[in-house]
Amino acid sequence: MSHLRAILILLAYATLFIVGTPGLDHLGWRLKTHEEAMLRKQFGDSVADGAKALTAWNKEYRAPLTKRLGKFQPVFRVRQSWNLYRDGPYKIFRLEIRVDDTPVYRTEDSGLDWLAPQLRNRRLRPVVETTVKKKKSANWRGLSRFVVAEARTQWPEAQKVELISLRSKRPGNQSRVQHRIVATAPDWTPEKTP
């Protein structure tokens, strides 16, 4: 009886290892020639051969077993999604605020941090995110009025306040304007422009 229990425990651990190994799901089916050459040059033949053997094992044995053995996961609600943010977001959105064409705030920029505590507040952050991501967000007027009021308090002589939605692909070095909200003196009515 103890042998049967040991075999069942071993099978359970093997199943969990095969189904739940993080990272191997995204391992390529084969190493491309240039990747293998880079591995050989940088780490030597033994590492490159090991990586090649691991990709072959993943394709031939682990992937088919994962498909068969993984069917129990939804039943017990134990499916793991190890790749939730494995590479980070594909698109990066940032808000930039300009007062009279001078940048005073940009998301995650320590040099331009005017109103950062307010805009990063957990209650206001969803409003900022939807305003930046969606051209037709529901709360863009309220956010614009808030920013304009704060800018007019800080810079009473200001003539224009802009909220600019910047979008870039990862890693986020080259941004382009997705849309902008502009409010100008004397009426300070925010208007969205493409």
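The values are calculated or read from the model by the stated rules, or taken from the named source; none is laboratory data. These figures come from a predicted structure and were not determined experimentally. All Cβ positions, glycine included, derive from the backbone under ideal geometry; neighbour counts span all protein chains shown.
Listed here are the residues, each with its yes/no results for (1) acidic (Asp, Glu); (2) in contact with a Gly (Cβ under 7 Å, 6 or more places away or on another chain); (3) under 17 Å from VAL99 (Cα atoms).
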residue: TRP114; (1), (2), (3): no, no, yes
residue: ASN121; (1), (2), (3): no, no, no
residue: VAL147; (1), (2), (3): no, no, yes
residue: GLU150; (1), (2), (3): yes, no, yes
residue: TRP155; (1), (2), (3): no, no, yes
residue: LYS169; (1), (2), (3): no, no, no
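Looking at the stretch 145-162, which of the residues that are free of Cβ contacts under 8 Å to residues at least 60 places away in the same chain and of a type in the set (D, E, K, R) is surrounded by the fewest Cβ atoms within 10 Å (Cβ to Cβ)? So the residue we want is GLU157. Scanning the stretch 176-194 for residues that are more than 11 Å from LEU95 (Cα to Cα), among the polar types (S, T, N, Q) and touching a residue at least 12 places away in the same chain (Cβ under 8 Å) gives THR184, THR193. If I filter the stretch 153-165 down to residues being under 15 Å from TYR105 (Cα atoms) and outside any loop (DSSP other than H, G, I, E, B), which single residue comes out as nearest to the chain's Cα centre (by Cα)? Looking at the filtered set, the residue picked out is SER165. ALA138 satisfies every condition listed in (1) more than 22 Å from LYS91 (Cα to Cα); (2) hydrophobic (A, V, I, L, M, F, W, C); (3) in a loop (DSSP other than H, G, I, E, B) except (1). Restricting attention to the stretch 11-52, the residues being out of contact with any Lys or Arg (no Cβ under 8 Å at 6 or more places or on another chain), at pLDDT 70 or above and either under 18 Å from ARG68 (Cβ atoms) or not assigned by TED's automatic domain parsing to the domain that holds ALA63 (or both) number 9. I'd like the full set of residues that are at pLDDT below 85 and part of a strand (DSSP E or B), limited to the stretch 166-192. Result: LYS169, single match. Taken together, ARG94, ARG98, ARG141 contain a single residue that is of a type in the set (D, E, K, R), in contact with a strand residue (DSSP E or B) (Cβ under 9 Å, 6 or more places away or on another chain) and at pLDDT 95 or above, which is ARG98. Note on the stretch 122-141: residues that are surrounded by 13 or more Cβ atoms within 10 Å (Cβ to Cβ) and farther than 21 Å from VAL177 by Cβ total 1.
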